[in-house]
Amino acid sequence: MAIRIVRLGSKREKGEGLRIGTVRRPPRGLPKAEFAKRDFYDTWLPQLSPIAELVAKALEAKTEREWSSFVKAYRREMSEADAARVLDLLAAMSKTSAFSVGCYCEDEARCHRSVLRALLQERGADVR
């Protein structure tokens, strides 16, 4: 069993399991009943999404220094008690369940999900 890190809206892979959306906003223009059918997510967990100001900072980051500033701020946000507990829970669940977490961004390297991957691995999660 393991966590997969995915792009929301991409075709699901066999064995991916429950898909969790770690985004600030649901997909635009779609009724909630369509989210899972269109391979966005089965359940929404915005607590693992950066706050709106950090989302803007990430989208505007052009240099490595700007991106590093976002990563540092997002890691700080994810170290707060509620977010840290959710990350610990997902890491523990990865030992017995198959599921995925994701975001809409095309490039994982410039997306908060790359930081989520690292945070989960640091907690001992089985991440694919």
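Some notes on this structure:
- In this structure the amide hydrogen of V127, modeled in the peptide plane, comes within under 5 Å of the amide hydrogens of I3, none closer than 5 places in sequence on its chain.
- Backbone geometry of the stretch 69-82 corresponds, through the Karplus equation with coefficients 6.51, -1.76 and 1.60 at θ = phi - 60°, to 3J(HN,Hα) couplings of 5, 4, 4, 4, 5, 5, 4, 4, 4, 6, 8, 5, 3, 5 Hz, x marking Gly and Pro.
- Backbone HN-Hα couplings from phi across the stretch 109-116 [Karplus 6.51/-1.76/1.60, Hz, Gly and Pro as x]: 4, 10, 9, 4, 5, 5, 6, 4
- Inter-part distance, the stretch 1-45 to the stretch 80-128, computed on C-alpha centroids, equals 14 Å.
- Student exercise, the chain dipole from Lys, Arg, Asp, Glu Cβ charges, in Debye to nearest 20: 260 debye
- Accessible surface of the stretch 53-128 [probe 1.4 Å, protein heavy atoms]: carbon and sulfur percent: 53 percent
- Ellipticity estimate at 222 nm from DSSP helix runs (n ≥ 4, -39,500 (n - 2.57)) divided over the chain, nearest 500: -11500 deg cm²/dmol
- Whichever lysines have a C-alpha closer than 30 Å to that of K14, once near sequence neighbours (fewer than 8 apart) are set aside: K32, K37, K95
- Nearest-10 value in Å² for the accessible area of E66, using the 1.4 Å probe: 80 Å²
- Cα→Cβ-extended label distance, 7 Å offset, between K95 and E66, nm: 4.2 nm
- With protein chains left intact and a 1.4 Å probe, residues in the chain average 58 Å² of accessible area per residue.
- Unit charges at the beta carbon, dipole of the stretch 31-116: most positive-side option, G102, L89, L59: L89
- Shape category assigned to the chain from the gyration tensor of Cα positions, a/c cut at 1.5: oblate
The values are calculated or read from the model by the stated rules, or taken from the named source; none is laboratory data. Please read all numbers here as calculations on a predicted model, not as lab measurements. Methodologically, a virtual Cβ is constructed for each residue, glycine included, from the backbone with ideal geometry; neighbour enumeration extends over all protein chains shown. Heads up: the accessible areas ignore ligands, DNA and RNA and are worked out on the full protein's heavy atoms, side chains in. Shrake-Rupley method; radii C 1.70, N 1.55, O 1.52, S 1.80 Å.
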